[in-house]
Amino acid sequence: LTGTTILHQVLCQASFSCLLDEVPRIDNFPEPTVTFNMELGVLPTDIPLKWVLLVVLLLLCYLYGWRPLQLFKGMGVPGPTPLPFIGNLHQTLKQRFWNPEAQLEAIAKYGTVSGSFMARTPILLISDPEMLRDVFVKQFHKFTNRAPDSLRLNMKPQSRMMIRLVDEDWKNTRSTISPAFSGGKLKQMTEALNSCADLLVESMGKFGDKNESFDTKELTGAFTTDVIARTAFGLDVDSQRN
């Protein structure tokens with residue numbers, strides 16, 4: 001019985017060795033190919049796998065990095081030409097964020113409605129009065145969240161600005177601020193607003209009398225500071241003359 005077992009093991013080892021000799025070495029394997037069985041009398045074509053992967057990669061780049069940037073073009077909305085994946089981010093960084101002069105240039109160049117992209121996120125710039133009335137009044141309930149999730153900054157104090165708040169947080173803040181802008185409260189602010197406006201006209205008149213140019217941004221910034229200090233805090237800081 002022991003001899004039979006040993007003979008059986010020897011035969012199994014010999015058979016396994018023969019099978020290993022018939023298996024080709026790894027370095028002799030041919031390059032992986034994908035075979036397409038072409039009909040209509042065309043011979044089968046062997047395409048290397050790397051070319052198939054390259055085509056798939058280019059297709060994914062188109063679907064992910066280029067096709068979403070054609071949104072405004074398909075809608076007929078004018079705007080600067082975006083680059084794949086980054087959109088108009090390079091132009092925004094060059095012009096700086098929240099640059100009113102750049103926005104005025106875009107309005108003069110593309111009209112009252114234009115579109116751009118922050119990476120793959122579409123941004124619509126509207127300056128048409130009728131459309132703005134729809135956004136802020138008639139269809140206001142559809143525009144509670146100004147910025148999409150991809151553009152929200154979770155960093156204080158920017159994240160606590162009202163234009164950055166969303167959902168219930170925005171609703172609670174708006175319900176707190178809205179009573180301050182009622183008709184009665186605005187009438188009480190009229191005297192303070194007129195006083196600050198008179199100082200602004202006086203400052204501009206002095207430059208006019210001397211036939212000198214002035215920085216509009218500096219004057220209006222001081223006017224805004226005076227208005228906020230007077231109406232919100234009851235302080236007379238006189239930023240326009242100091």
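A few points about this structure:
- Selection of first residues in region 78-101 that are closer than 10 Å to Arg120 by Cα and open to solvent by 70 Å² or more (accessible area, probe 1.4 Å) and of second residues that are of a type in the set (Gly, Ala, Ser) and at pLDDT below 85, restricted to Cβ pairs under 9 Å at least 6 apart or on distinct chains, gives an empty result.
- Matching entry among Trp98, Trp170 (being of a type in the set (A, V, I, L, M, F, W, C), closer than 28 Å to Gly65 by Cβ and more than 13 Å from the chain's Cα centre (by Cα)): Trp98
- Glu168 surrounded by 10 or more Cβ atoms within 10 Å (Cβ to Cβ), in a helix (DSSP H, G or I) and acidic (Asp, Glu): no
- Remark: pairs (first residue in region 225-238, within 12 Å of Ser195 (Cβ to Cβ) and touching a residue at least 12 places away in the same chain (Cβ under 8 Å); second residue of a type in the set (S, T, N, Q) and open to solvent by less than 70 Å² (accessible area, probe 1.4 Å); Cβ separation under 9 Å; 6+ apart in sequence or on different chains) = Asp226/Ser195; Asp226/Ser239; Asp226/Gln240; Arg230/Ser195.
- In region 197-237, the residue that is nearest to the chain's Cα centre (by Cα) out of those that are charged (D, E, K, R) and within 23 Å of Ala180 (Cβ to Cβ) is Asp226.
- Of everything in region 192-214 that is among the charged types (D, E, K, R) and surrounded by 10 or more Cβ atoms within 10 Å (Cβ to Cβ), the residue that is farthest from Leu165 (Cα to Cα) is Lys206.
- Filter result (of a type in the set (S, T, N, Q) and either assigned to a helix (DSSP H, G or I) or at pLDDT 80 or above (or both)) within region 134-151: Gln139, Ser150
- Test: residue in region 54-66 that is under 25 Å from Phe143 (Cβ atoms) and of a type in the set (Phe, Trp, Tyr): no
- Note on region 107-133: among residues that are in a loop (DSSP other than H, G, I, E, B) and either of a type in the set (D, E, K, R) or touching a Lys or Arg at 6+ places or on another chain (Cβ under 8 Å) (or both), the one that is most open to solvent (accessible area, probe 1.4 Å) is Arg120.
- When region 134-143 is filtered for residues that are surrounded by 13 or more Cβ atoms within 10 Å (Cβ to Cβ) and within 21 Å of the chain's Cα centre (by Cα), only Val135 remains.
- Taking each residue of region 187-213 that is in contact (Cβ under 8 Å) with a residue 24 or more places away in the chain and part of a helix (DSSP H, G or I) and looking for partners that are among the hydroxyl-bearing types (Ser, Thr, Tyr) and open to solvent by 30 Å² or more (accessible area, probe 1.4 Å) with beta-carbon atoms closer than 6 Å, six or more apart or interchain, yields Met189/Thr231; Ala192/Thr231.
- Selection within region 75-106 - in contact with a strand residue (DSSP E or B) (Cβ under 9 Å, 6 or more places away or on another chain) and in a loop (DSSP other than H, G, I, E, B): Val77, Pro78, Gly79, Pro80, Pro82, Ile86, Asn88
The values are calculated or read from the model by the stated rules, or taken from the named source; none is laboratory data. Computed from a predicted structure; not experimentally measured. A quick note on method: Cβ atoms are made from the backbone with ideal geometry, for glycine too, and the neighbour counts reach across all protein chains shown. Surface accessibility is based on the protein's heavy atoms, side chains included, excluding ligands, DNA and RNA. Shrake-Rupley method; radii C 1.70, N 1.55, O 1.52, S 1.80 Å.
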